[in-house]
Amino acid sequence: MTRRSTITRRKVLTAGAGALGLGVLPGRLAAQTKPVKVGVILYLTGVQAFMGQQTRKGNEFGAKIVKESGGPAMEFVYGDAESKPENGRVVAERLIREGCTLLIGTNDSGSTISVAQAAEAAKIPFLINIASAPQITEQGFTQIFRNFPPATTLVANAVMRIKELGSVTGIEPKTAVMLHVNDTFGQGLLKGVDALWEKLNVPIKIVDRIAYDVRARDLSVEVGKARSVGADLLMPVTRVSDAILIVREMVKQNWSPMGIISPGSPGPYEKAFTDALGKYGDGYMSCVPWYDPTKKRSREIAQRFEKETGDRFDLNAAFAFEAVEIAADAISRAKSSDPAAIHAALKTTNIEDHIILGGPIQFDEKGQNPNIGGAMLQNQGGKPVVIGPVQAAEAKPVFPLVPYDKR
Amino acid sequence: MTSFYINVLVGGLLIGVVYALIALGLTIIFGVMRVVNFAHGEMVVIGMYLGYGLWAATGLSPWLLAPAAGIVLFGLGYILQRAIVNAFIDRPQHAQFILFISFALVITGCHLVLFGPDPRSIQTPAMMQSYVIGPLRLDAVRTQAAMMALVLIAALVVFLKYSTIGRSIRAAADNLVGAQVIGISVRRVYAITAGIGMACAGAAGALVSPLFDTQPFLATDFTLIAFIIVIVGGLGSLAGALIGGGLIGFAEAIAALAFSPALKTIFSYALLVFVLLLRPNGLFGERERS
C-alpha cells in the first residue's frame, strides 16, 4: 500500500501564498504565464439541459472561489454534448485539440464513458463530476478520476439510511411499495435495492413494485395502484418531473402513507420540486450524497452559492464545485500544465477539508473515490435538510409524514 | 377497491374527451380538405404555450383561457391555409406530407428558440384538488378540462349544423363539386376549416397545459394520439373522433388496471391494430371516395 501525501486545500493555498511571497516558485510554474486549460463537458442543451446548466453553475462557482483563494490559474472551456451520450467523445476530442490538458465532466454516465474513451486515447486526465454507472471504473481506463459514488454504493448507502430510520425515530414501518420509472436507471436501482434489501436484512417487506413508463405524463393509475397496496412506505424511483406528478396525485387521492423515501434517485431535493409543490413537497425523504452541513465551510459555500446564483446548492452544483477544487489542488501540486504531471498529482490526491459528506478525497487504483458518504435528506420548510446519518444531521426526521389534508 | 376501479375508468374517460377535441381538429381538416396535418401535435403545443403564457399573465385557470388559445390558433390556421396550404391542395399526397412535416419541424424549432427545452409548469390551487362525489374522487383539473372540451365540441357541432358557414363546410365535405356548383367559395371554406381544425388543437393544448408540463418535444405524442383516435374512429368522421377519444382513454385505463400502468400506450396501439384488421376504415369511417 502506498503512502499518500496529506496535502489539504489550506496547505496548498498557504504554500502557494508563501511561495509567491518569497519568489521561490519552481521553474515551470513560475514560467507558466498561461493558465491551464480545463475542458468541461456537460449537457448544456437538450432534454437534460436543466441538470447540465446546474452543474455548470457549480463549476463556475468553484472556479470563482479557487481564483479568490489564490489558486492556480485555470481557463475553463465548456463543451455541450447536447444531451446525447455519443456526443461526449466528439466534444472531448475538440476540447483536447483546443489545448485542454484536463477534462471535467459530465452529468450523465453515458456521455462520461464516451468522454473517457477520448481521454484515454489522448492520455488526458478526466475528472468525473457526476456519473454513477459502475462500469465506468471497471473498464480499465487509466485516465479517469471519479469523485461520485457508483450506483452500488448509492443504493447501499440508501438502504442503510432506510434501515436505521426506525431506530432513529422509534417508529418501525413494516411494509413498502416501490413505484419506479421503467428505464435503465429505474430498473438498475430496483435491482440494486432488491439485492441489498435481503443482504442487509432490512426489516421492511417490499410488498409490490409498480413500474411506469418513462414518457408517462399522468401517474394517477400508478399512484392509485400503489395506494391500494396499503403499504406503510412509498419508495419512489423518479426524476424530478415524475416525482412532482406522484406527490400531486397523492394529494388529490388523499393518500398519506407513513413516509415517502426515495432510495437514491434525483428529484425531491431539486428546486423545481419544492417550488412546484410548496408545502406538499415537505416530508419527502431521499437518500443521496450531499454536502456536509456540519462543516462551517460547506454551509458558507452553500449560502453564498444560493445568494449569488439564486439557485439551490444541490447535488449537481456541489459535486461540480468540488471537482474544480480537486482540479485546482492537482494543478497546484503538478506545478505544470502537462497532462502527465496533472495525472500523477491526481493519483496522489488527499484532500481532507472538503465540502461533501464523507472521508478524505482520494482515488483508488481504478480512479474511484471510495470515501464518499451518503445522506438522508428530508424536505422541511420548502428545502432539503440532512436528517441522517445522525452525526451529520441538521434536523430531526418528521416521521410519520404529516397527512396532506392536514397541511 | 371498487371505487379505485371506478375512479380510474372515469379518469380515463375524462382525458379521452380532451383527446377527442384534439382528434376532432385533425379529422375535420382531413374530412373537408383531404390533407393530413402532420403538424397537429405542434399546434397543440402552441396551445399549451399560449395556455401557460396567458395563465402567467392573467392568473386565470387555463380551462377558462382555452377559447382564447383557440381563437389565436384559428387565426394562425386561417392564414396558413390561405398563404401556403391552399397551393398544395391539389398536389400529390407526398408533397402535402412533406409540407406538414416541414411545419412540424419549424414550429418545434421556433419553440426551442423562443422558450428553450426546459419544461414549464403551471401552478394553480386546482392542481392539488379533487371533486368528491360519493365513491368518486375526480381530479379537479382533468374534470375542468373535460367539461370545457365538451362545451367546445358541442359549440362546434352546433356551428357546423346550424350556421351558414357550417353548412357550407359540411357541403364541401360531402360533395366538393356540388358545393362549388351552388356557389360556395371553396377557398374560404378551406381556410375556415383549417382555422377550426387548428383552433381545436390550440384550445385542447391550453386545456392540457396544467396536466402536462409544457415543452417542445411533446408534439409527437399528441400527433400520435390524434392519429390513433381518428384511425380507430374513422378518418373524417366527427362522431368517430368523439367515440375514438373516449375509447382510447377508457382502453388505456383498463390496460393500466388489468395489466400494468407501463403498458397503457402499448394497449392503444394494440387497439389500433385490432380495429384496422376488422374495420380498415375505422369504426365510423366511410369507404374510400372513388
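Every number here is computed from the coordinates shown, using simple stated rules; none is lab data. Bear in mind the structure is a predicted one, so any value in this text is a computation, not a measurement. Neighbour counts run over all protein chains shown; Cβ positions are idealised from the backbone, glycine included.
From the alpha carbon centroid of the stretch A:328-378 to that of the stretch A:148-221 is 30 Å.
Expressed as a fraction of 2.2 N^0.38 Å, the rule-of-thumb size for a compact globular protein of N residues, what is the C-alpha radius of gyration of the stretch B:55-193?
Details: Rg = 19.8 Å, N = 139, 2.2 N^0.38 = 14.3 Å.
Working it through for the stretch B:55-193, the quotient is 1.38.
Under 5 Å between amide hydrogens, built in the peptide plane, is the criterion, and for A:VAL38 it picks out A:GLU75, A:PHE76, A:VAL77 among residues at least 5 positions away or on other chains.
Amide H to amide H, with H built 1.01 Å from N, A:GLN368 comes under 5 Å of A:ARG146, counting only residues 5 or more places away or on other chains.
In sequence order, the stretch A:97-112 has phi-based couplings of 4, 7, x, 6, 10, 8, 10, 10, x, 10, 10, 6, 5, x, 6, 4 Hz under the Karplus curve 6.51 cos²θ - 1.76 cosθ + 1.60, θ = phi - 60°, and Gly or Pro positions carry x.
Percent of C-alpha pairs per 5 Å bin in the stretch B:34-87, short distances first: 5, 19, 25, 21, 14, 9, 6, 2, 0.
Working from the alpha-carbon coordinates of the stretch B:157-290, get Rg over Rh, Rh being the Kirkwood radius. Walk me through the numbers on the way to the answer.
Working: Rg = 17.4 Å, Rh = 16.8 Å.
Using only Cα positions, Rg/Rh for the stretch B:157-290 is 1.04.
Taking every Cα-Cα distance in chain A and sorting them into 20 Å bins starting at zero, the pair-distance distribution P(r) comes out as 28, 55, 16, 1 percent. With only the Cα atoms considered, the stretch A:75-215 has a convex hull volume of 130 Å³ per residue.
Go ahead and run the numbers for FRET between A:ALA195 and B:GLN123, Cβ-Cβ distance against an R0 of 51 Å, rounding to 0.05. Once the sixth-power term is evaluated, E becomes 0.85.
Stick to the Cα atoms of the stretch A:282-376, pair each with every other, and give me the Kirkwood hydrodynamic radius in Å at one decimal. Numbers along the way, then the final one.
Numbers: mean 1/r = 0.0690 Å⁻¹.
14.5 Å is the Kirkwood radius here.
Taking label points 7 Å from Cα along the Cα-to-Cβ direction, B:VAL106 and A:ASP208 give a separation of 4.9 nm. Sequentially through the stretch A:235-248, phi angles give Karplus couplings (6.51, -1.76, 1.60; θ = phi - 60°) of 10, x, 10, 9, 10, 5, 5, 6, 4, 5, 4, 4, 5, 4 Hz, Gly and Pro residues having no value and appearing as x.
What FRET efficiency do you get for A:ILE171 and B:ARG91 if R0 is 56 Å and r is their Cβ-Cβ distance, rounded to the nearest 0.05? Could you put the intermediate results ahead of the total?
Numbers: r = 70 Å, r/R0 = 1.26.
In this case the efficiency is close to 0.20.
In the protein assembly as shown, the C-alpha radius of gyration followed by the widest Cα-Cα span (Dmax) gives 28.8, 100 angstrom. Measuring between their Cα centroids, the stretch B:252-278 and the stretch A:383-407 lie 41 Å from each other.
When only DSSP loop residues count, what GluC sites (Glu not before Pro) in the stretch A:115-221 have their Cβ near at most 14 other Cβ atoms within 10 Å? Show your work: numbers first, answer last.
Values: sites: A:GLU120, A:GLU138, A:GLU164, A:GLU198; in loops: A:GLU138.
Loop-located and lightly packed - A:GLU138.
Restricting everything to alpha-carbon atoms, can you work out Rg to Rh for the stretch B:1-127 with a Kirkwood hydrodynamic radius?
Reported Rg/Rh (Cα atoms, Kirkwood Rh): 1.04.
Scaling against 2.2 N^0.38 Å puts the C-alpha radius of gyration of the stretch A:221-367 at 1.35. Fully extending the segment from B:LEU277 to B:ILE84 would add 65.9 nm, taking 0.36 nm per residue of separation and subtracting the current Cα-Cα distance. What is the ratio of the Cα radius of gyration of chain B to 2.2 N^0.38 Å, where N is its residue count, to two decimals? Dividing the Cα Rg of chain B by 2.2 N^0.38 Å gives 0.98.
Judged by the ratio a/c of the largest to the smallest principal axis of the C-alpha gyration tensor, the stretch A:51-119 counts as oblate, that ratio being 1.5 or greater while a/b is no larger than b/c.
Among all helices in chain B defined by DSSP H, which have a length of 20 Å or more along the axis from Cα atoms plus a Kyte-Doolittle mean of at least 0.5?
Helices passing the filter in chain B: B:2-33, B:40-58, B:62-83, B:93-115, B:140-162, B:186-208, B:219-233, B:238-258, B:264-278.
Which value at 222 nm does chain A reach when only helices count, each DSSP H run of 4 or more adding -39,500 (n - 2.57), with the total divided by all residues and rounded to the nearest 500 deg cm²/dmol?
Numbers: 13 runs with 172 residues, N = 407.
Computed ellipticity for chain A at 222 nm equals -13500 deg cm²/dmol.
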